[in-house]
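The values are calculated or read from the model by the stated rules, or taken from the named source; none is laboratory data. Because the structure is a prediction, the values reported are computed rather than measured. Cβ placement follows ideal geometry from the backbone for every residue including glycine, while neighbour counts extend to all protein chains displayed. Note: accessible area is taken over every heavy atom of the protein model, side chains too, but ligands, DNA and RNA are not part of it. Shrake-Rupley method; radii C 1.70, N 1.55, O 1.52, S 1.80 Å.
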Amino acid sequence: MEYVYSDRVKNLGGNAIREIFKLLQDPEVISFAGGFPTKSTLPTKLISEITEKLMSSSEAQDILQYGETEGYRPLRYTAIDYVKRYGIENIDIDNTLIISGGQQGIDLTFKSFVNKGDVVLMEDPTYLASLHILKTYEGVPIGVKSGDDGLDINDLEEKIKKYNPKVLYIVPTFSNPTGRTYSIENRKAIAKLTAKYNVIVLEDDPYSELRFSGERVPSIKSFDEVGNVIYITSFSKTLAPGLRTGIAIGAKEVIRKMTIGKQATDVHTCLLSQAIINYFLNNYSINERLEDLKKVYLEKKTAMIDAIKKYMPKEFNYTNPDGGLFIFGEFDSSLNIDTFKIFPELVKKYKVAYVSGHSFFASEDKFNTLRLNYSNATLEQIDDGICKMGKFFKEILANQNK
């Protein structure tokens with residue numbers, strides 16, 4: 001049988017992290033690759049208790065029935081108050097859409113706005129799944145320069161003028177992959193500039209609740225005066241990724257189009273998951289849970305930073321974020337280190353894994369970079385794995401100097 005695939009997928013490769021997982025079936029491999037929550041933090045007992053209460057209620061059969069595409073109505077009302085945490089005010093139920101995880105919010109936005117050949121601007125580097133999703137809609141990613149405080153506003157304006165983009169996609173708080181956070185001034189400038197040029201902003205915010213230090217920063221959506229910002233968050237990092245539930249907030253017309261797109265994808269997000277999250281938000285303290293999570297992740301981040309300082313070559317530069325789940329590293333450009341090419345050798349020789357940083361770039365391939373996740377490994381594995389990585393890279397550098 002000869003399969004004739006659509007133009008959208010015939011040349012499409014797999015998500016880099018998902019492909020890496022195929023190499024990690026060996027239980028001895030220490031993985032710093034995926035952004036998985038620490039298993040022990042997943043609230044199995046709590047979710048079991050909530051589920052039992054829901055299934056014993058008069059609403060049980062309705063929860064197991066088909067539901068509205070827009071989402072479980074009680075959760076949509078709860079979401080109106082919930083997003084006030086991010087400075088988002090003056091919205092109603094028609095500004096909300098419950099999505100099957102934050103990644104679906106990216107997909108529905110691109111589905112709603114991107115035609116073949118349309119440009120989408122993205123911070124360089126950016127969340128690699130956004131690049132993968134964009135390719136399925138045959139859009140063109142263009143990277144925008146960035147620094148410790150956020151996007152380079154001059155570069156952003158130049159590229160808006162040059163490419164006339166449909167969408168700007170960003171992860172402004174504890175960015176995946178760098179862990180950086182945009183300043184308030186940078187957020188205001190982005191909101192103002194994109195409104196001026198009629199560019200949709202997709203603000204992806206899965207990590208902002210995992211802040212270890214520094215002051216909380218309001219969302220870019222909170223500075224939206226014309227309705228061009230779509231804000232998406234999820235409960236994957238704060239409750240459980242297996243619930244596959246998130247929230248999209250946007251102008252009513254935009255939410256309506258995204259809802260139509262969702263109807264063709266999965267009809268609606270799992271009602272049981274939505275009901276569980278709604279019950280939790282209305283009967284338990286999200287802040288108490290977050291404090292417990294942050295203690296765990298801060299300890300792990302600190303352990304990884306300490307291990308990097310102790311074991312990695314001095315030519316390795318890295319971020320030290322105030323929250324989130326990732327550290328981004330880069331070797332001096334003068335060195336001949338290709339983190340993508342040598343990755344299989346590291347896994348085979350030392351049984352340690354990372355994600356090569358080149359997968360996160362829209363406009364260039366920086367093969368001297370890598371992303372490290374600290375949430376999915378134990379403290380002992382973090383020290384042992386970084387020690388082995390350091391030994392591996394020092395061996396490479398020593399061989400280069402022979």
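Is it the case that the stretch 95-106 has a residue that's surrounded by fewer than 22 Cβ atoms within 10 Å (Cβ to Cβ), in a helix (DSSP H, G or I) and of a type in the set (G, A, S)? No, the conditions are met nowhere in the stretch 95-106.
Does N278 fit the bill of being of a type outside the set (F, W, Y), open to solvent by 10 Å² or more (accessible area, probe 1.4 Å), more than 23 Å from the chain's Cα centre (by Cα) and closer than 24 Å to L97 by Cβ? In short, no.
Among the residues making up the stretch 373-402, a single one is out of contact with any strand residue (DSSP E or B) (no Cβ under 6 Å at 6 or more places or on another chain), basic (K, R) and at pLDDT 95 or above: K391.
Criterion first (outside any loop (DSSP other than H, G, I, E, B), closer than 21 Å to T194 by Cα and touching a residue at least 40 places away in the same chain (Cβ under 8 Å)) does I247 satisfy it? No; evaluated as a whole, the condition is false for this residue. Residues in the stretch 348-389 that are within 17 Å of I337 (Cβ to Cβ) and outside any loop (DSSP other than H, G, I, E, B): 17 in all. Of everything in the stretch 135-187, what is among the hydrophobic types (A, V, I, L, M, F, W, C) and open to solvent by 60 Å² or more (accessible area, probe 1.4 Å)? Give them in sequence order. Listed by number, the list holds a single entry, I184.
Conditions (1) buried (at least 17 other Cβ atoms within 10 Å of the Cβ); (2) among the acidic types (D, E); (3) within 27 Å of V120 (Cα to Cα); (4) in contact with an Asp or Glu (Cβ under 7 Å, 6 or more places away or on another chain), marked per residue:
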| residue | (1), (2), (3), (4) |
| --- | --- |
| D292 | no, yes, no, no |
| Y297 | yes, no, no, no |
| T302 | no, no, no, no |
| T319 | yes, no, yes, no |
| E330 | yes, yes, yes, no |
| S333 | no, no, no, no |
| E345 | no, yes, no, no |
| M389 | yes, no, no, no |
| K394 | no, no, no, no |
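In summary, T319 fulfils each of the numbered conditions (1) without any contact (Cβ under 8 Å) to a residue 60 or more places away in the chain; (2) more than 13 Å from A33 (Cα to Cα) with the single exception of condition (1). Of everything in the stretch 195-228, what is in a loop (DSSP other than H, G, I, E, B) and either open to solvent by less than 10 Å² (accessible area, probe 1.4 Å) or of a type in the set (D, E, K, R) (or both)? Give them in sequence order. Hits for the stretch 195-228 are V199, D205, E209, L210, E215, R216, S219, D224, E225.
Of note, P37 satisfies the criterion of being at pLDDT below 95, over 30 Å from G227 (Cβ atoms) and either open to solvent by less than 10 Å² (accessible area, probe 1.4 Å) or under 17 Å from the mean Cα position of the chain (by Cα) (or both).
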